[in-house]
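The values are calculated or read from the model by the stated rules, or taken from the named source; none is laboratory data. Keep in mind that what you see is a predicted model, and the values were worked out from it rather than measured. Methodologically, a virtual Cβ is constructed for each residue, glycine included, from the backbone with ideal geometry; neighbour enumeration extends over all protein chains shown. To get the accessible areas, we keep the full protein, side chains included, count just its heavy atoms, and leave off ligands, DNA and RNA. Shrake-Rupley method; radii C 1.70, N 1.55, O 1.52, S 1.80 Å.
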Amino acid sequence: PPPEAAIQNLRANLTRLEKATEIPLPVQADLGNARRSAARLNQSLDDARGAFRTVRRSLLRAASEVRGHQTATKLKHFHCPMVVGNGGDWMQADGEIANPYFGSQMLRCGVLVSDMKLPSQE
């Protein structure tokens, strides 16, 4: 599990985004789900994986609908079919694939689902 300081930072940023008036209400709800799940990231490995699944699902939906130009310009959506429960998804900015689900055991497992470039980057 990640260090407590990283979890608190994530939760604080999710709270800030959740309350931003320029964020549509459905996206605010997704961010709230992510914030609540992030509180479980420091529990057992199985609990942390379940919490991460909710966090990443919510953040993927939010990033698909609302992103500012300060967001990473090369954001990509990946999927690992080996994650229990219909696989696992994540976003990463660039570089070699880095699967967050199984650490070094399956670090390069995954397929590119989509390039999430902002429209002005095409």
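Here the condition is being small (Gly, Ala, Ser), open to solvent by less than 50 Å² (accessible area, probe 1.4 Å) and in contact with a His (Cβ under 6 Å, 6 or more places away or on another chain); of 50, 87, 103, 32, it holds for 87 alone.
Checking each residue in the stretch 30-55 for being over 15 Å from the mean Cα position of the chain (by Cα) and small (Gly, Ala, Ser) picks out only 44. Restricting the first member to the stretch 88-100 and to residues that are within 19 Å of residue 62 (Cα to Cα) and hydrophobic (A, V, I, L, M, F, W, C), and the second to residues that are surrounded by 10 or more Cβ atoms within 10 Å (Cβ to Cβ) and at pLDDT below 90, the beta-carbon pairs closer than 6 Å and six or more apart or on different chains are 90/56; 90/100; 91/75; 93/72; 93/74; 93/75. Among the residues of the stretch 106-118, those that are open to solvent by less than 60 Å² (accessible area, probe 1.4 Å), out of contact with any Gly (no Cβ under 9 Å at 6 or more places or on another chain) and within 16 Å of residue 75 (Cβ to Cβ) comprise 114, 116.
Under 8 Å between Cβ atoms, which residue pairs at least 6 apart in sequence (or on different chains) link something in the stretch 1-30 that is assigned to a helix (DSSP H, G or I) with a partner that is among the acidic types (Asp, Glu) and open to solvent by less than 60 Å² (accessible area, probe 1.4 Å)? Taking only residues 6 or more apart or on different chains, the pairs are 28/18.
Residues are listed down the side, and each one gets a yes or a no for (1) out of contact with any Phe, Trp or Tyr (no Cβ under 9 Å at 6 or more places or on another chain); (2) modelled with pLDDT of 85 or more; (3) over 24 Å from residue 103 (Cβ atoms):
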{"site": "6", "(1), (2), (3)": "yes, yes, no"}
{"site": "17", "(1), (2), (3)": "yes, yes, yes"}
{"site": "20", "(1), (2), (3)": "yes, yes, yes"}
{"site": "29", "(1), (2), (3)": "yes, yes, yes"}
{"site": "42", "(1), (2), (3)": "yes, yes, no"}
{"site": "47", "(1), (2), (3)": "yes, yes, no"}
{"site": "54", "(1), (2), (3)": "yes, yes, no"}
{"site": "76", "(1), (2), (3)": "yes, yes, no"}
{"site": "80", "(1), (2), (3)": "no, yes, no"}
